[in-house]
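The values are calculated or read from the model by the stated rules, or taken from the named source; none is laboratory data. Owing to the predicted nature of the structure, the values given are computational and were not obtained by experimental measurement. Cβ sites come from the backbone with ideal geometry, for glycine too, and all protein chains shown count toward neighbours.
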Ligand code: XUL
Ligand code: CO
């Protein structure tokens, strides 16, 4: 390992001293939890766009970030150097995966042909570093939202030239996925939505978006790319309404257009909140449809209503996410936890960048430990079994077997007294359940 970053490999320091120096208190990649290594449950990935490109701008202020590669001024030289920095960063942190958009890694040229040439030079460097280090590509994607050409959308642009350009860009991006062995390929439709319905043919735009996805599936088959396709829902921002609003909307879209065999979902915490949902809700909805693919790990802020992309630190939330993942047996078949997150503006140093990833990784590792204990004791499983027990026999079993007609239900219910029906509701015990979860967080982490 070279020494581009002024940091040693981040060590595991354990829980004895709770003050945060720069070490992992909970994350131990090789520690076996619930039958698998922590690293296998979590599959942490670093988001190139935030970790290496983000200057920590906000809508009111310029970037504050100070990075060791700021000394490069030539864009191609910078792009190539950054690859070396990125691989050393993954190694020093102990992250086994990374993710990128095409535009994150290389500057655009005057035409798509020139842009692809720049891109290929940087991909050569990435391929070499992957071979040296064994670090894998969790997913790549194409940026179809930053450039002014995509102001009215890409696959849903009302302008055919823009759709065509986006398709050309996608083709090359899929070739890169194949070359670098991407485990997944993501679509986040940042501008695939509308600002007002008065200038929008919603049906036509959604048809175009589906055609775009079908073309991707066809081309992947043609070149033998076996990455899992993923759609990342988000309700709004930058558009007023984004077509992939949330998990449920996206599942309906996939089923409507016969895409649900080829696509799964990549779910993000802060996006869930913007849609008025919890992260756990989005994951549960995807699990229920058999469409959980991967996760973008971040969190929002209760007091601010936009996509803040904070590093995860909320143990209650990481516990709920890892509970779902343990119940599922993994993050889909090929998913991981991609830190789609950035430090705050005043956390502008190299040290802050490492510390931000450490809190994210430790928070999920801690959540995994708590969730494993909850599963081990069957806390939620027992509760659910009991709560739905009336469907295990009698009229309930008949309903679940699809054999209860309305006439049979009427006959069963006709003479039931109000008091019997009220007491058919077992108490919900919501407050006690919440206390139990708190107690497990405290106990499992005290024992870690
Ligand atoms: C934007 C977002 C994207 C996607 C990839 O909110 O989450 O970074 O993850 O395009
Ligand atoms: Co994301």
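Checked against the criterion of being assigned by the TED database to the domain that holds residue 268, without any contact (Cβ under 8 Å) to a residue 60 or more places away in the chain, within 16 Å of ligand 2 (Cβ to nearest atom) and buried (at least 22 other Cβ atoms within 10 Å of the Cβ), the candidates 170, 144, 138 yield just one match: 144. Kindly indicate whether any position in the stretch 341-351 is under 17 Å from the mean Cα position of the chain (by Cα) and touching a residue at least 24 places away in the same chain (Cβ under 8 Å). There is at least one residue in the stretch 341-351 that is under 17 Å from the mean Cα position of the chain (by Cα) and touching a residue at least 24 places away in the same chain (Cβ under 8 Å).
If we scan the stretch 107-126, do we find a residue that is within 16 Å of ligand 1 (Cβ to nearest atom) and modelled with pLDDT of 95 or more? No, the conditions are met nowhere in the stretch 107-126. Note on the stretch 1-55: among residues that are in a strand (DSSP E or B) and exposed (fewer than 14 other Cβ atoms within 10 Å of the Cβ), the one that is farthest from the chain's Cα centre (by Cα) is 32. Whenever a residue of the stretch 394-417 is surrounded by 10 or more Cβ atoms within 10 Å (Cβ to Cβ), its partners that are at pLDDT 95 or above and part of a loop (DSSP other than H, G, I, E, B), lying with C-beta atoms within less than 6 angstrom and at least six residues away or across chains, give the pairs 398/404. Would you confirm whether or not the stretch 189-204 contains a residue that is in contact (Cβ under 8 Å) with a residue 60 or more places away in the chain, within 16 Å of ligand 2 (Cβ to nearest atom), in contact with a strand residue (DSSP E or B) (Cβ under 7 Å, 6 or more places away or on another chain) and under 26 Å from residue 274 (Cβ atoms)? Scanning the stretch 189-204 turns up no residue that is in contact (Cβ under 8 Å) with a residue 60 or more places away in the chain, within 16 Å of ligand 2 (Cβ to nearest atom), in contact with a strand residue (DSSP E or B) (Cβ under 7 Å, 6 or more places away or on another chain) and under 26 Å from residue 274 (Cβ atoms).
Condition first: touching a strand residue (DSSP E or B) at 6+ places or on another chain (Cβ under 8 Å) and away from ligand 2 (no atom under 16 Å from the Cβ). Can you find one or more residues in the stretch 41-50 that meet it? Yes: one or more hits.
The one condition from (1) under 26 Å from residue 306 (Cβ atoms); (2) without any contact (Cβ under 8 Å) to a residue 60 or more places away in the chain; (3) crowded, with 16+ Cβ neighbours inside 10 Å that residue 186 does not meet is (2). In the set (1) within 23 Å of the chain's Cα centre (by Cα); (2) within 30 Å of residue 242 (Cα to Cα); (3) surrounded by 17 or more Cβ atoms within 10 Å (Cβ to Cβ), residue 96 fails one condition alone, (2). When you scan the stretch 284-309, how many residues do you find that are surrounded by fewer than 23 Cβ atoms within 10 Å (Cβ to Cβ) and away from ligand 2 (no atom under 13 Å from the Cβ)? Final tally of qualifying residues: 13. From the list 177, 220, 215, 164, the one residue that fits, being within 30 Å of residue 121 (Cα to Cα) and surrounded by 21 or more Cβ atoms within 10 Å (Cβ to Cβ), is 177. Considering the stretch 99-135, and only residues there that are without any contact (Cβ under 8 Å) to a residue 60 or more places away in the chain and within 16 Å of ligand 2 (Cβ to nearest atom), the residue that is farthest from the chain's Cα centre (by Cα) turns out to be 103. The residue list 374, 384, 368 contains one member that is closer than 19 Å to residue 322 by Cβ, modelled with pLDDT of 95 or more and loosely packed, with under 15 Cβ neighbours inside 10 Å, which is 384.
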